[in-house]
Amino acid sequence: MTGSPTSEAAPRAGDHGGARGPANGDAPVLQVRDVVVRYGGVVAVSRVSFDLFRGKILGLIGPNGAGKSSLLAAIGGQQRAKGGSILLQGRDVTRSAPYTRAQHGLVRTFQTTSEFEGMTVFENLLVAGRGAVGASLWRVVARSRTNRAEERRAAAKAWGVLERFEMADLADAYGHELSGGQRRLVEIMRCLMRDPAVLLLDEPMVGVAPHLVAKFINDLRAVAAEGIGLVIVEHALEVIEQLCDVVVVMALGEVIAEGTYAAVVGDEGVRRAYLA
Ligand SMILES: Nc1ncnc2c1ncn2[C@@H]1O[C@H](COP(=O)(O)OP(=O)(O)OP(=O)(O)O)[C@@H](O)[C@H]1O
Ligand SMILES: [Mg+2]
């Protein structure tokens, strides 16, 4: 916290109390330590650190170009961190490929939706789930008994996820038949098919109709309540306020404040950099 030293100032990285701390003394599920991202000469992320605990929702906010998506890319493995480290359930994944990180429980969505247009919602979920069990192509083609059992399990899981999000009626719909909000939900459902420990969401509310935002917030809360740690990048501050246990504010690649929503919006530096 670089802002005002008020009594509202929330815990720093490494503290195990307050809004972000675990109720049961668990270790962080995700540790981001001094992470640096550079594009050529441009420093997009400059030594950013935070801890995320199971069942908690961490909001990442800041002005356009602050480095939020770049940080998510470094955590997800789409962008190589030029410095620092990323620990997932205590395991150093700083140099791991995105696929390996996903196998260890880290999955993400992107700022723009990316579902497979030529498939139904149900097929989208099955394909995502197949990644989780690691079935190779020949096994899919061979249709071994194990594979059929896996497919039955994946199908049952997909129905469970669809029903949970009240999307079962849309199981056979194609991407172009869905609303913006429904596409966002499909992305999150695809992530859940992979049994994540950590879910990274980049602007998940973009395209969600205003009357559906409250439902979406409840859905995300329910996801966290399963014990999944969520990192959410979002410009809609009312969403951050309702959703997040802790908020990290970035500007020009650096963390300028960290704490509860009330603490960071009351911070003078945040007001100058983002809210003014
Ligand atoms: N692929 C890239 N190549 C070069 N520079 C990039 C690239 N991606 C991002 N940048 C630069 O890195 C900085 C951080 O961008 P980033 O997209 O991470 O910000 P952001 O906080 O996600 O912004 P927004 O809120 O607009 O999505 C910006 O200066 C941006 O121009
Ligand atoms: Mg972004």
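The values are calculated or read from the model by the stated rules, or taken from the named source; none is laboratory data. Because the structure is predicted, anything quoted here is derived from the model rather than measured. Note: ideal-geometry Cβ built from the backbone for every residue, glycine included; neighbour counts use all protein chains shown.
Quick grid of which residues meet (1) outside the structural domain of F122 (by TED's automatic domain parsing); (2) within 16 Å of ligand 1 (Cβ to nearest atom); (3) free of Cβ contacts under 8 Å to residues at least 24 places away in the same chain; (4) out of contact with any Gly (no Cβ under 9 Å at 6 or more places or on another chain):
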{"position": "H176", "(1), (2), (3), (4)": "no, no, no, yes"}
{"position": "G180", "(1), (2), (3), (4)": "no, no, no, no"}
{"position": "I188", "(1), (2), (3), (4)": "no, no, no, yes"}
{"position": "P204", "(1), (2), (3), (4)": "yes, yes, no, yes"}
{"position": "Q242", "(1), (2), (3), (4)": "yes, no, no, yes"}
{"position": "V248", "(1), (2), (3), (4)": "yes, yes, no, no"}
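Residues in region 46-74 that are touching a helix residue (DSSP H, G or I) at 6+ places or on another chain (Cβ under 8 Å) and away from ligand 2 (no atom under 13 Å from the Cβ): V48, G55, K56, I57, G59.
Given the criteria within 13 Å of ligand 1 (Cβ to nearest atom), small (G, A, S) and either assigned to a loop (DSSP other than H, G, I, E, B) or in contact with an Asp or Glu (Cβ under 7 Å, 6 or more places away or on another chain) (or both), does S96 qualify? Against the criterion (within 13 Å of ligand 1 (Cβ to nearest atom), small (G, A, S) and either assigned to a loop (DSSP other than H, G, I, E, B) or in contact with an Asp or Glu (Cβ under 7 Å, 6 or more places away or on another chain) (or both)), S96 does not qualify.
Of everything listed in (1) part of a helix (DSSP H, G or I); (2) in contact (Cβ under 8 Å) with a residue 24 or more places away in the chain, the single unmet condition for R271 is (2). Scanning region 1-35 for residues that are hydrophobic (A, V, I, L, M, F, W, C), surrounded by 17 or more Cβ atoms within 10 Å (Cβ to Cβ) and either modelled with pLDDT of 55 or more or not assigned by TED's automatic domain parsing to the domain that holds V246 (or both) yields V29, L30, V32, V35.
When A97 is tested against (1) modelled with pLDDT under 70; (2) loosely packed, with under 15 Cβ neighbours inside 10 Å, only condition (1) is not met. Restricting attention to region 75-96, the residues that are over 12 Å from the mean Cα position of the chain (by Cα) and within 16 Å of ligand 2 (Cβ to nearest atom) add up to 2.
Selection over region 189-217 of residues that are more than 16 Å from ligand 2 (Cβ to nearest atom) and surrounded by 20 or more Cβ atoms within 10 Å (Cβ to Cβ) gives a count of 10. Here is the figure for region 161-214: residues that are in a helix (DSSP H, G or I) and of a type outside the set (D, E) total 24. The set of residues in region 60-81 that are near ligand 1 (Cβ under 9 Å from one of its atoms), of a type in the set (A, V, I, L, M, F, W, C) and in a loop (DSSP other than H, G, I, E, B) contains only A66.
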